[in-house]
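As structure tokens, the structure follows; a few thoughts come after it.
The values are calculated or read from the model by the stated rules, or taken from the named source; none is laboratory data. Keep in mind the model is a prediction, meaning the values are calculated, not measured. Here the Cβ is made from the backbone with ideal geometry for all residues, glycine too, and neighbour counts use every protein chain on show.
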Amino acid sequence: MEKKKAAAARSARKERKSHGAARKRARSGDCDMNAGDFISRLPDAVLGTIISLLPTKDGGRTQILSRRWRHLWRSAPLNLEVITGPPGPCPGHHHPSAVHHSTVSKIISQHLGPARRFCLKHLIDGNLPEMESWLDSRAIVNLQELDITNYAGYKTGYTLPQSVFRSASTLLVAKIMGCNFPDAITRSMNFYLLNQLSLDCVSVSGDVFHGLLSGCHALESLAMLEVHATGCLRVSSPTLRSIGFRKGSRKRAELVLEDTPRLERLLLPYCDRNNFVTIRVIWVPKLQIFGPFSTGACELRVFQGMSPVSSTNSICTVKVWALGCSEHQLHAVLDVLTWFPCLEKLYVTFHAHYRTFKQNEHQYDPLHPVCLQTHLKRYIVVFKLFKGSKQQIEFVMFFILYAKVGNRASRYAQFKFRNTSGCTDDHVTKHIHDLSLADPFRLP
């Protein structure tokens, strides 16, 4: 009996000693593997990936968690988000996750690992001389993501430095906004892995743009939002699947799809602001999704080859089409409907400000050559911003009355009405690069 009591006492002392050591290690910042800290049990490589996905400041702060984490930030892939401008908060452009450009050189000198992402939010006029040295440093090599935004806009003359694409061979994602492209920047550039490219409010020559795309060997999605270019923008790419385009000036713009054998989506957000746009479809054999654009609100001319798209020169591959119009523009909608004889899904968004085009709208002719039995035999029509006014009901009734095969109603026709406050154009802009989204016009 005495032996059992002595053994129990020794066991209790060991347990108290173990708990005391655990509390001491916790106070000293060491992680206890038996205290439920499952994250710290992960391999260094996994923890480094987690750190690289955190904002720059938060990634650096992980060093204070414990001795286990102390060395990880220095070797983890660097996620560097930089903001320029005077120290302190920048009115209108608050980036709590970014570090000030005055601290970048110190960060680069202390970081021993590779770089995953470099993001620059440029808020001051003129160039930033330090950026050349950052991009030429050992730490900023083999980038996977590059994001350079000049909030002042391309008109300030901010020109991309020659070293900006030093990591061209390893880039997966690139976004350039508010900058000018120098004529020599794309010489001998090969983007072997670049999958997504966004050009927003940039100035570039037609030749440089063509050279840039020629160097992209894996590009699947391209956003061209307010691209100011001399000459037409010619697109030839064997890999592109999605293009988003919005014209960037009041001058005429021309987009030529010369050779895009895999292109499935041509998205035109805010086309009502893009007056005088010409799109030439030369070789796009898999184009299925087109729009949104507005009938009567912009001068959009679409060509297939050298001839305008029409009932006799239609695009037979398009299955989904989105447009904006007023309830007075049925005739214009039916005219465009003849462009796509194999359409399966039609989005019609009613916009009140398009009513100004009522005086120019022709009345619907009952002998109009559009036959819904041919052009929308198996289809879904989605009416957005539907208020139920008399004009909207008359607009909708046309599609309902003619949704038939022979003398009976079409068994495949579906009509959906949505009084949604969401903006299709905003939704489309956000999902230009999201190829997993089967229907970019469908609002959640």
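Kindly list, by first and then second residue, each pair from a residue in segment 328-346 that is farther than 20 Å from Pro440 by Cα to a residue that is of a type in the set (Lys, Arg), limited to pairs with Cβ atoms under 9 Å and residues at least 6 apart or on different chains.
Filtered contacts from segment 328-346: His328/Arg355; His328/Lys358; Gln329/Lys358.
Being crowded, with 16+ Cβ neighbours inside 10 Å and not in a strand (DSSP E or B) is the filter here, so list the residues in segment 108-136 that pass it.
Across segment 108-136, the qualifying residues are Ile108, His111, Gly113, Pro114, Leu123, Ile124, Asn127, Leu128, Met131, Trp134, Leu135.
For segment 329-345, how many residues are touching an Asp or Glu at 6+ places or on another chain (Cβ under 7 Å) and buried (at least 19 other Cβ atoms within 10 Å of the Cβ)?
2
Can you say whether Thr424 is polar (S, T, N, Q), under 30 Å from Glu226 (Cα atoms) and modelled with pLDDT of 85 or more, as far as the supplied structure shows?
no
Consider Leu143 against the criteria (1) over 15 Å from His101 (Cα atoms); (2) not in a loop (DSSP other than H, G, I, E, B): it satisfies all of them except one. Which criterion is unmet?
(2)
Could you list all residues from segment 308-341 that are of a type in the set (A, V, I, L, M, F, W, C), within 29 Å of Lys387 (Cα to Cα) and in a loop (DSSP other than H, G, I, E, B)?
Answer for segment 308-341, where residues must be of a type in the set (A, V, I, L, M, F, W, C), within 29 Å of Lys387 (Cα to Cα) and in a loop (DSSP other than H, G, I, E, B): Val318, Trp339, Phe340.
Identify the single condition in (1) farther than 19 Å from Ala98 by Cβ; (2) among the hydroxyl-bearing types (Ser, Thr, Tyr); (3) at pLDDT 85 or above that Thr149 does not satisfy, given that it satisfies every other one.
Exception for Thr149: condition (1).
What pairs can you find where one residue is in segment 268-284 and charged (D, E, K, R), the other is at pLDDT 85 or above, and their Cβ atoms are less than 6 Å apart, with a gap of 6+ or different chains?
Arg280/Val256
Among residues belonging to segment 259-299 that are in contact with a helix residue (DSSP H, G or I) (Cβ under 6 Å, 6 or more places away or on another chain) and closer than 17 Å to Thr338 by Cα, point out the one that is modelled with the lowest pLDDT.
Checking each candidate, the answer is Gly296.
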